1. Could you say whether any residue in the range 157-176 is buried (at least 21 other Cβ atoms within 10 Å of the Cβ), of a type in the set (A, V, I, L, M) and farther than 18 Å from residue 85 by Cβ?
2. Got a sec? Which of 99, 137 is touching a Leu at 6+ places or on another chain (Cβ under 6 Å) and of a type in the set (Ser, Thr, Tyr)?
3. Taking residue 261 as the residue in question, decide whether it is within 16 Å of the ligand (Cβ to nearest atom), within 26 Å of residue 141 (Cα to Cα) and either in contact with a strand residue (DSSP E or B) (Cβ under 9 Å, 6 or more places away or on another chain) or at pLDDT 95 or above (or both).
4. Consider only pairs whose beta carbons are under 8 Å apart and that are at least six residues apart or on different chains; among these, list those whose first residue lies in the range 241-260 and is within 12 Å of residue 219 (Cα to Cα) and whose second residue is among the aromatic types (Phe, Trp, Tyr).
5. Taking only pairs six or more apart or across chains, which ones have beta-carbon atoms under 8 Å, a first residue in the range 184-204 that is within 14 Å of residue 220 (Cβ to Cβ), and a second residue that is among the acidic types (Asp, Glu) and in a loop (DSSP other than H, G, I, E, B)?
6. Exactly one condition in (1) away from the ligand (no atom under 16 Å from the Cβ); (2) surrounded by 21 or more Cβ atoms within 10 Å (Cβ to Cβ); (3) under 15 Å from the mean Cα position of the chain (by Cα) is not met by residue 202; state its number.
7. Only residues that are over 16 Å from the mean Cα position of the chain (by Cα) and either crowded, with 24+ Cβ neighbours inside 10 Å or in contact (Cβ under 8 Å) with a residue 24 or more places away in the chain (or both): list them for the range 104-129, please.
8. Test of understanding: among 63, 78, 87, which residue is assigned to a strand (DSSP E or B) and either modelled with pLDDT of 95 or more or crowded, with 18+ Cβ neighbours inside 10 Å (or both)?
Amino acid sequence: MTVTATSNLASFFGSSPEDVKELFSSWGHKPYRAKQIAEWYFGKRFFSLDQMSDLPAALRAQLQEQFSWNFPDIVSSLDSPDGATKLLLKSDKNQMIETVILRYENRTALCVSSQVGCKLSCAFCQTGKLGFFRNLTTAEIIGQFALAETIVQKEGRTITNVVFMGMGEPLDNFDPVVKAVKILISPDGFGLSHRKVTVSTSGLADKIRLLSEQTRVALAISLHACRDELRNELMPINRRFPLAVLKEAIQHYQRVTDTKITFEYIPIKDKNLGLREAKELVQFLQGIPCKVNLIPFNSHPGLPFERPSPEAIDQFQRYMLDRGFVTTVRYSKGGDVSAACGQLAAKDSTNLDQIPRRKSVIGG
Ligand code: SF4
């Protein structure tokens, strides 16, 4: 398959199973033709028309003429010894986004980006430092999945989990992200379990409620502090949706969708890892069936924070465990290639620098 990004045609990767059926019917094809392509595309996850051998040549030509089937261009690919691959990709509009493949023994996860840059300016996040450029389309999100799936298929793997934890705040790009989620989890789509697709949000409480009306998917909350004053400092979005409002939205989501919530908490040296913060975390989590992931901060030049000692993290974890909260320490994969949480900043972002940035409009 060609890997050139530039095309004026709509990308096929934005299509849902329903879109495919409608398209084929509008073209006057028999319904079984739509089923055929769905089996190749959604079922076998083949993203090139050349691979769809039982489709008539005329139909393949029609699909080729009407749609772009191009993957995003790979600008660079960095492998980490722990099994992560960070792909720096160029979007249709010549902007850089990042996608990370995470290989585990029995699963293969993909961390996708939902925006170019981010508006939310979290103090510990490299992406936040970039500012915001634009939302990605559904096709650009599924394009990341299609590209990564094609790469891992060559290794005998298949993508089993997708996390919206790359560049951007997914719920700030609501409709395209929800459509992508539905394509990923629909039994007629790529068929991933709704438990294996995670939307990670910094806490847009209104959108968390809206999400509960649209789909049922695993929800992760980037929490990082449970005192408004401290969370305001680390995550400006907290000024718009303070902790009490966020908690109500999370509990609402849980009531409606019956899903367990994951809380991501980045331990930062001398910031959020003391006894006071541990007590505040326990207090916040009361009444929310959940698990907590402690993801030690990855120090980076330009960010004024440091990783705490393993002992301090251990102590914090023990405090949580002793109070009955499932709490794991997750050293993010890919730290050595800047692919860990809060480290996606499209460093090779020459084109980003040529585009005027939009000022932060949320939480700022
Ligand atoms: S942590 Fe997430 S929400 Fe916050 S600035 Fe970074 S990408 Fe945006």
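The values are calculated or read from the model by the stated rules, or taken from the named source; none is laboratory data. Given the structure is predicted, the values throughout are model-derived calculations rather than measurements. For neighbour counting, all protein chains shown are included, and Cβ atoms are generated from backbone atoms with ideal geometry for every residue, glycine included.
1. yes
2. 99
3. So residue 261 fails the test.
4. Taking only residues 6 or more apart or on different chains, the pairs are 249/241; 259/253.
5. Matching pairs, first to second residue: 201/169; 202/169; 204/169.
6. So residue 202 meets the others, but not (1).
7. Scanning the range 104-129 gives 107, 121, 122, 123, 124, 129.
8. From the options 63, 78, 87, the qualifying one is 87.
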